[in-house]
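The values are calculated or read from the model by the stated rules, or taken from the named source; none is laboratory data. From a predicted model like this one, the values you see are computed outputs, not experimental measurements. So basically every Cβ, Gly included, is an ideal-geometry build from the backbone, and we count neighbours across all protein chains shown.
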């Protein structure tokens, strides 16, 4: 079902799923007008879709990444995971006197969901800037990273002998 080509005979204002009124085009020859109209009314307008995408992007920017979420949990945090009869999982996370509970399909995703839920319940979000580096402990900063081996020690293709024709 593509958009028909030909003469547009009417342009009534129709309501979209978001509640906005937008122009819907009636073509002179359109076998699928009813289906196009139904789809038109079930979808959101371009402005509302862009607004929703921006809101979701901003919300995702405030969610800590996987490794960061676990690092932000306080010392002594306790996870409790339970497998239910229908093969789904439920879990709780208790830390600093506050407990959060959620459900999931598996233990790996469930632990991350619990960590993020506890952090959001306590108002802890990801760093505002992407370039922001995590704090380095003094013990790590006193010891520099090991140096790579000198270039002469690395093997290269030029050091291998070519096989002699037999």
So is residue 69 part of a loop (DSSP other than H, G, I, E, B) and under 21 Å from residue 104 (Cα atoms) or not?
no
Being at pLDDT below 85 and assigned to a loop (DSSP other than H, G, I, E, B) is the filter here; which residues of segment 37-66 pass it?
63, 64, 65
Subset of segment 12-36, residues in a loop (DSSP other than H, G, I, E, B) and either modelled with pLDDT under 90 or under 26 Å from residue 52 (Cβ atoms) (or both), comes to 12, 16, 17, 18, 19, 20, 24, 25
Among the residues of segment 27-46, is there at least one that is more than 30 Å from residue 123 (Cα to Cα), touching a strand residue (DSSP E or B) at 6+ places or on another chain (Cβ under 6 Å) and loosely packed, with under 11 Cβ neighbours inside 10 Å?
yes
In segment 84-125, which residues are part of a loop (DSSP other than H, G, I, E, B) and out of contact with any helix residue (DSSP H, G or I) (no Cβ under 7 Å at 6 or more places or on another chain)?
84, 85, 86, 87, 88, 96, 97, 105, 106, 122, 123
